[in-house]
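Trainee: Have a look at this one before I ask anything.
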Amino acid sequence: MHQLTLAEIARGLADKKFSSEELTKVLLARIAQLDPQLNSFISLTEDLALQQAKAADARRANGESGALLGAPIAHKDLFCTQGIRTSCGSKMLDNFKAPYDATVVAKLAAAGAVTLGKTNMDEFAMGSANESSYYGPVKNPWNLEYVPGGSSGGSAAAVAARLLPAATGTDTGGSIRQPAALTNLTGLKPTYGRVSRWGMIAYASSLDQGGPLARTAEDCAILLQGMAGFDPQDSTSIDEPVPDYSASLNGSLQGLRIGVPKEYFSAGLDPRIADLVMASVEELKKLGAVIKEISLPNMQHAIPAYYVIAPAEASSNLSRFDGVRFGHRCEDPKNLEDLYKRSRGEGFGAEVQRRIMVGAYALSAGYYDAYYLKEQKIRRLIKNDFMAAFNEVDIILGPTTPNPAWKLGAKNSDPVAAYLEDVYTITANLAGLPGLSMPAGFVDGLPVGVQLLAPYFQEGRLLNVAHQYQLNTDWHTRTPTGF
């Protein structure tokens, strides 16, 4: 049962081949057996899962149907879940039980999805390796000595190891697509505002976006269908109709114009990944796509722009964690200043403290114009590059990451080296565009992903291209040894 995709589970439940309760018990037992190797979960919710599975079976017995009804999933541990620890991978929130459900959690629960638990993540979603978690690093099921990517590394590792068919993640600078690439999954970052951020603990509010992680584009379409939609509780949510993503999967790629930016193939890209990217281009050409070289001239400025804007917004968002109302509080504070200093110093890890300091500096008097305002102007230039490119092409294709996964601890002493792993993904967040990573091969036994970008609200187009590619390749069907 653990090898079934979401789509196969939906068909199996509809045909009464097994019940949601039976499937849930199998997967909970598998998590208990295998997750100690991976550390992909922070909290398991066995009682809730079995309760939801029984309810889903009862709904099906009463004639209800739906692709997510009775389907087991997990949530990245920054989606508030009522009565369950929502830690954000941080000591700061280790004792926090959310008093309400995030909109994403509520929507998926209403669709009948079964929540198996909350997955491990980089602390406050800050990282590219899932090594900054208070609960320890997550390991890549393809090689337990390597990172799974971050910050949604727990969700990615759990799905890649077949502990469950799909999971939610969030993407601020590539945190769905990059771990998807490093663990052989399909991961989708929707258009900014397509999925509600209400109840999703914020890192950088103008960049964060929730999305699905699964093995196939078909499964991502199913999970995104349950997540997407306008939310009046989220002021950044877009009131735009949600199409039937599964209905567009089988469209022809004949005449589809695919742009390949020349800037992607610079000295920083592993040449073996470049070869796999071009192999995927050839595969899509066979399906009728037309390939065109394009340029994104301001891409070189994306990393410095992102690493001013994101920490600036993080420093503002994380100011609420002060030891007063919720979260970690230091022992026996002498006064209010001591309470603030020690609670935050003890509650936040090194990477979070580093980004808060950078962000606070960039927003400080005398530096706001020189840093934050200037980077927002660069952000606009990056967006303009994409708008110009999409006048010529329908989809942009390139590598998801410049390198395959690296060894645990290999970049801990050089944060900038880890930041550079996001070079191809952060532009989509800066521009608010949808992006998808799909499996495209292996380098030294480690998975490699290819990234697709599309105009606003064209998630269906991304899923269509990825699905057609997956019908004609088998990279996404490979399973890590031992899982």
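The values are calculated or read from the model by the stated rules, or taken from the named source; none is laboratory data. Computed from a prediction, not measured in an experiment: that's the story for all the values here. All Cβ positions, glycine included, derive from the backbone under ideal geometry; neighbour counts span all protein chains shown. Areas reflect the complete protein model, heavy atoms only, side chains present, ligands, DNA and RNA absent. Shrake-Rupley method; radii C 1.70, N 1.55, O 1.52, S 1.80 Å.
Trainee: By how many nm would the segment from Lys25 to Lys262 lengthen if fully extended, with 0.36 nm per residue of separation less the alpha-carbon distance?
Mentor: Difference between extended and current length: 80.4 nm.
Trainee: Quick one: grab Rg to one decimal and Dmax as a whole number for segment 359-425, Cα atoms only, in Å.
Mentor: When restricted to Cα atoms, segment 359-425 yields Rg and Dmax of 16.6, 43 Å.
Trainee: From the square roots a ≥ b ≥ c of the eigenvalues of the alpha-carbon gyration tensor of segment 253-315, which class results: rounded (a/c under 1.5), prolate (a/b over b/c), or oblate?
Mentor: prolate
Trainee: Let me ask something additional. With a 1.4 Å probe and all protein chains kept in place, how do Lys411, Lys286 rank by accessible area, largest first?
Mentor: On the way: Lys411 40, Lys286 155 Å².
Final ranking, largest accessible area leading: Lys286, Lys411.
Trainee: For segment 30-82 and segment 185-234, what is the separation of their Cα centres, given in Å?
Mentor: Value for the Cα centre distance between the two parts: 18 Å.
Trainee: So which trypsin sites (Lys or Arg not before Pro) in segment 1-79 end up in coil per DSSP with only 11 or fewer other C-beta atoms within 10 Å?
Mentor: Of the trypsin sites (Lys or Arg not before Pro), the ones in loops of segment 1-79 whose Cβ has at most 11 other Cβ atoms within 10 Å are Lys16.
Trainee: A follow-up question, please. Given points 7 Å out from each Cα along the Cα-Cβ axis, report the Ser205 to Ala410 separation in nanometres with one decimal.
Mentor: 3.8
Trainee: Could you work out the local net charge near Ser295, counting Lys and Arg as +1, Asp and Glu as -1, over the other residues with Cβ closer than 12 Å to its Cβ? Each step should come with its number before you reach the end.
Mentor: Details: positive: Lys262, Lys292; negative: Glu263, Glu293, Asp385, Glu392.
After counting each charged neighbour, the total is -2.
Trainee: I'd like the distance separating the alpha-carbon centroids of segment 86-146 and segment 288-362, in whole Å.
Mentor: First find each Cα centre; the distance between them is then 17 Å.
Trainee: So, one more: With only Lys, Arg, Asp and Glu charged, each at its Cβ (+1 for the first two, -1 for the last two), find how big the charge dipole of the chain is about the Cα centre; round to the nearest 20 debye.
Mentor: Working: 45 positive and 50 negative charges, 33 e Å.
Value, rounded to 20: 160 debye.
Trainee: So between Asp338 and Ala110, what do we pick up on full extension, going 0.36 nm a residue minus the alpha carbon distance?
Mentor: 77.7 nm
Trainee: Sticking with this structure for a sec: Evaluate the distance, in nm, between pseudo-label points positioned 7 Å from the Cα of Asp322 and of Asp47 along their respective Cα→Cβ axes.
Mentor: In this crude spin-label approximation the distance works out to 3.5 nm.
Trainee: In deg cm²/dmol, rounded to 500, what helix-only [θ] at 222 nm does the chain give when every DSSP H run of at least 4 residues adds -39500 (n - 2.57) and the total is split over its residues?
Mentor: Only helices count here, giving -11000 deg cm²/dmol.
Trainee: If you don't mind, another one. According to a simple spin-label model (label point 7 Å from Cα along Cα-to-Cβ), what is the distance in nm between Gln300 and Lys374?
Mentor: 1.6
Trainee: Now, a different point. At 0.36 nm per residue, minus the direct Cα-Cα distance, what do Val443 and Leu287 gain on full extension? Give it in nm, one decimal, please.
Mentor: Full extension of this stretch gives 53.7 nm more.
Trainee: What range in the chain is the longest one free of GluC sites (Glu not before Pro) that are in a loop by DSSP and have at most 16 other Cβ atoms within 10 angstrom?
Mentor: 146-330
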